[in-house]
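The values are calculated or read from the model by the stated rules, or taken from the named source; none is laboratory data. Predicted, not measured: the structure shown is a model, and the values here were computed from it. Please note: Cβ atoms are built from the backbone with ideal geometry, for glycine as well, and neighbour counts cover all protein chains shown.
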């Protein structure tokens, strides 16, 4: 049985991807700080409670063919209003952790001709107003993925960047903006999970290296900022 490792697997896009992979027959190792509300109960789903910012002792995984770097953190404000901890957390979770995970599991993934899929953000492709650090972390991860594919493609490794726009997830819970009630103005996590399935099932010999997913219309809901 093929195995997949998904970070941020307890909610949002990571949870949706995990559920999709389970249906596809994968054994899924999900990483998250806590799984109390994940709702995933499957004998092929292995919960790994881990704080990726602090913990660097990753478990060995048999038959690993797929690494999905999905965990992320964003705080949006004028740059001078961010504190050092905010900046460090965004860089650590959005960039450092995926680079360390990729480094740790790379030999196994190359040996099996597997995939590294980075769930980035449209903020890494264009100027991110009040999100300069978040956008920079995602742009750097995308550049890493593009470079790693060029480096390792002869081994059979596939490296894919998926860049979603506004997605209906708990990511916006403590932010001053979020999705609206108009279904044409946001992406569902299941949409990104379907993209992952399409990437995996694409004809051998071709790689969808960089995919941007946007809603049909742009609309956000502004709300009171929360600390």
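Region 1-87 holds strands (runs of 3 or more DSSP E) entirely within its bounds, and those carrying 2 or more residues that are under 18 Å from residue 115 (Cβ atoms) and in contact (Cβ under 8 Å) with a residue 12 or more places away in the chain map to 3-7, 27-32, 64-69. For residue 99, the criteria (1) under 13 Å from the mean Cα position of the chain (by Cα); (2) assigned to a helix (DSSP H, G or I); (3) buried (at least 18 other Cβ atoms within 10 Å of the Cβ) hold in every case but one, which is (3). The set of residues in region 179-198 that are surrounded by 18 or more Cβ atoms within 10 Å (Cβ to Cβ) and closer than 15 Å to residue 66 by Cα comprises 193, 195, 196. Reported count of residues in region 199-208, each being exposed (fewer than 15 other Cβ atoms within 10 Å of the Cβ) and part of a helix (DSSP H, G or I), is 1.
Of the residues in region 163-175, at least one is touching a strand residue (DSSP E or B) at 6+ places or on another chain (Cβ under 7 Å), modelled with pLDDT of 95 or more and surrounded by 13 or more Cβ atoms within 10 Å (Cβ to Cβ).
The residue that is surrounded by the most Cβ atoms within 10 Å (Cβ to Cβ), counting only those in region 26-53 that are farther than 23 Å from residue 1 by Cβ and touching a strand residue (DSSP E or B) at 6+ places or on another chain (Cβ under 8 Å), is 52. Does region 74-83 contain any residue that is modelled with pLDDT under 95, closer than 22 Å to residue 31 by Cα and surrounded by 16 or more Cβ atoms within 10 Å (Cβ to Cβ)? Yes, that holds for at least one residue.
Inside region 111-127, residues that are more than 11 Å from residue 209 (Cα to Cα) and either part of a helix (DSSP H, G or I) or touching a residue at least 24 places away in the same chain (Cβ under 8 Å) (or both) make up a count of 11. Of all residues in region 144-172, those satisfying the criterion of being under 21 Å from residue 218 (Cβ atoms) and assigned to a loop (DSSP other than H, G, I, E, B) are 165, 166, 168, 169.
For every residue, the table says whether it meets (1) surrounded by fewer than 19 Cβ atoms within 10 Å (Cβ to Cβ); (2) more than 23 Å from residue 201 (Cβ to Cβ); (3) at pLDDT below 95; (4) more than 13 Å from the chain's Cα centre (by Cα).
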position	(1), (2), (3), (4)
68	no, no, no, no
93	no, yes, no, no
107	yes, yes, no, yes
123	no, yes, yes, yes
129	yes, yes, yes, yes
